[in-house]
Amino acid sequence: MARNTSKITKRALNACTRCRRQKIKCSGSQPCDSCNKRKLTCIFDDRDQKILVTRGYLEELEQKIALLQKNDREPIPLSPEYQEDRSPHSNGHNDASELSQPSPLDEKDDSHIQQELEDPASSLTNPLSTGPPAFMSAENGRTFYLGTSSNWSFTRRVLSLTHEHIYQESLPTGALAFDGAIYDLGWGGLRTPHRTDIPTVPSFDHAMYLINTVKFRCGQLYHLFDETEFMAGLHDFYSRPRSTSPGGLWYVHFLLMLAFGKGFVQHKMQGNKPPGGEFFVRALQLLPDISVLHQEPIESAEILCCIALFLQALDYRSSAHNYIGSAMRMAMAEGMHTQMPIEYLGEHTVQRCRKIWWTVYILDREMTSLMGLPQSLSDSHVDALLPEFPGSMQRTAGINMHIKLSRIIAEISGTVYAIDGRLNRNFLLRTKSALASIARLADELHNTFPLHLDRTSSGVSRTSAYLHLLYHQCIVVATRPLLFCFLKIRFESPENCLDALSTSRNVRNLIQMCLESSQQMINILHCLQSEDLLETFLSFDLESIFVSTVALLMAPAIDSRWSYPVWLEKAYTIFEEIIESGNLIAKFRRSELQLLDELLSCFPQEPSRCLSTPVSFPNIGNNNSTSIQLASSFPPSAANPLAHDVLSDPGLSLDDECGLTMGLTAAQIMAVADSIESIDTEWMSNAMIEHSIW
């Protein structure tokens, strides 16, 4: 009899209210299988669940309730260590069906206090997406917002955290690069140029070479111009006398193609002037007002996409985001987000609009995430079909995969990095959900777009490589908040960091997954480098190497066994090639990484051995990593020394042959995600409180 009672008690801890009342087996999912089958509301009552909190936290809540009862429910603020990261704002733009908005601090009542007593983790927050908004000022006084999911912002936060901990003062920003500060377009924004500012148009053969280069470098990923109409305009333009004054949208479009072509082929720099900048500026000078662009919305949307992508390549992120936003609204005003009727508009027009729409959609999703801002369009409003490419099903499949990955990017930005994202049950469940979405694409990506990194059968496909890089970026961005959290634990309580990290194997696995994907990105880029396919003008590859290197630099500061010197050297050789190709942004990114490396290497030493004054930026031109000869492949043990220690199931090992050539399979990712249980959320909450991180 006692055994039966024990079984019922154990089941009740993992069963919903209805299953427990009817004494039937509950799947434990939310909602459970039984309630889901009967379309009933599934409620889990976890009030009997035991949790661990500090005595000080309970005493504070008891004192607060007593004061509220005594002072006629007058709000009493929490102590600084508990209110430090509590944001008074709750006006996020997340879908209400997916996210519940937290109550404002100044509207707490007894029910909210009761919730805190039942769930102390509700006062814990994701430091990357909660509390007062983060800003950083450039040397010229201009202030920049640090977006939540932004790769650029993440590195600045890590740099600031590390510098402030070591030197107890703010990070100096004089040598840091900010939005739009690296390249000089040499244009003050005036529409009327001087005669000397008008660039010379190249010959027909040269123009064809540049346009074909653009088609090869980004035509598989984005639709930037309609080939039939554009090439007809090109032949017409060169058939005219050169004295004829050019004009119209086609000429603006033509100048943008020349700017891209120059950017792809011209590696010799002239100061801080970007290659192709003269054609780009001339295109902007001739660009009509937005009210005029709406008269020819199809070509105008293509032009706005070109401008946004070119500005993104020059690190003008805010301007690029604004231009792609204009393209998005223009496309929606024309109904491109709908199933446009072929019988009314014609086959060619509909196919062109589909290509434009999905290019706009993908760029908007990715640029918004890179800015760390909320997504502006819900997928529930999008009904457009995929474009068709006669004789090339692979291109349609590529666009389809690109769309799916951009949707995962938006999901991660809107959930893991949601406003007031809680570092408790919700945070880990949102991470789990994001990884599940990624896992659903893993096998399809590997089967449809194999990488062939061993290069025994064929070379590396540039399109496949880009999609795999984007896929691994999704994993890193979804899991790297845990790296940031444990870096804070390491700073605040270094003597207990490893014990805290070892307590939850599943949370440690998530960090290991982040590091594994970082290695995968470096491996893919290294293979592209060996085949001269590394993208040095557009920001695709630079973003990937930057994201992965930051994670691999942070890891050994948390646990010295997470050390990847060979992979970091490999990463710096990739940086070096991008820099040698004339990319000034890569110089500053590498410089920031070298500073972070120097700061983090200082921390584990004895205080007397650390530098007494803040470090300065390394000399950008004095990197000798290119002289180091790297092996073409690395032993799994060197790449991933802790994989077997972290992952108890041999089938989940991250350092096997598959891990180095294909990345994690869907089953492996889901196994790690599904392993996240309530004990991990409890551990997370307790660790954050005990180590006074917030």
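Students often check this: by mean Cβ neighbours within 10 Å, which of 395-404, 440-449 ranks highest, and how do the rest follow?
395-404, 440-449
Take the residue pairs Lys404/Lys432; Lys355/Lys404; Lys432/Lys488; Lys215/Lys570; Lys215/Lys262; Lys215/Lys355 and return only those whose Cα atoms are more than 20 Å apart.
Lys432/Lys488; Lys215/Lys570
Take every Cα-Cα distance within segment 432-486, group them into 10 Å bins from 0 onward, and report for each bin the whole-number percent of pairs it holds.
Going from the shortest bin to the longest, the percentages are 22, 43, 25, 10, 0.
Output the peptides 295-302, 536-543 sorted from most to least packed, where packing is the average of other Cβ atoms within 10 Å over each peptide's residues.
Ranking the peptides 295-302, 536-543 by packing returns 536-543, 295-302.
On the Cα set of segment 231-278, report Rg and Dmax in Å, please.
That works out to 13.0, 36 Å for Rg and Dmax.
Putting +1 on Lys and Arg Cβ atoms and -1 on Asp and Glu Cβ atoms, find which of Cys305, Gln266, Phe237 reaches farthest to the positive end of the dipole of segment 232-360.
Projecting each Cα onto the dipole axis, the largest value belongs to Gln266.
Of the listed peptides 582-589, 205-212, 156-163, what is their order by residue-averaged count of other C-beta atoms within 10 Å, with the highest listed first?
582-589, 156-163, 205-212
Using DSSP to define loop residues, name the chymotrypsin sites (Phe, Trp or Tyr not before Pro) in segment 277-368 whose beta-carbon has at most 13 other beta-carbon atoms within 10 Å.
none
Can you list the HN-Hα couplings for segment 348-365, worked out from phi with the Karplus curve (6.51, -1.76, 1.60; θ = phi - 60°), rounded to whole Hz and with x for Gly and Pro?
Couplings: 5, 5, 5, 5, 5, 5, 5, 4, 5, 4, 6, 5, 4, 4, 5, 4, 5, 4 Hz.
Below 8 Å between Cα atoms, with a sequence gap of 6+, how large is the relative contact order for segment 195-393 in percent?
Relative contact order here is 20 percent.
Specify, per residue and in Å³, the volume enclosed by the convex hull of the alpha carbon atoms belonging to segment 271-419.
Looking at segment 271-419, the number lands at 139 Å³ per residue.
For every other residue with a beta carbon closer than 15 angstrom to the beta carbon of Phe537, add +1 if it is Lys or Arg and -1 if Asp or Glu, then tell me the sum.
Computed value for this residue: +1.
Computed from the coordinates by the stated procedures, all read-outs in this text should not be read as laboratory data. Predicted model only: the values in this text are computed from it and were never measured. Cβ: placed from backbone, ideal geometry, glycine included. Neighbour counts: every protein chain shown.
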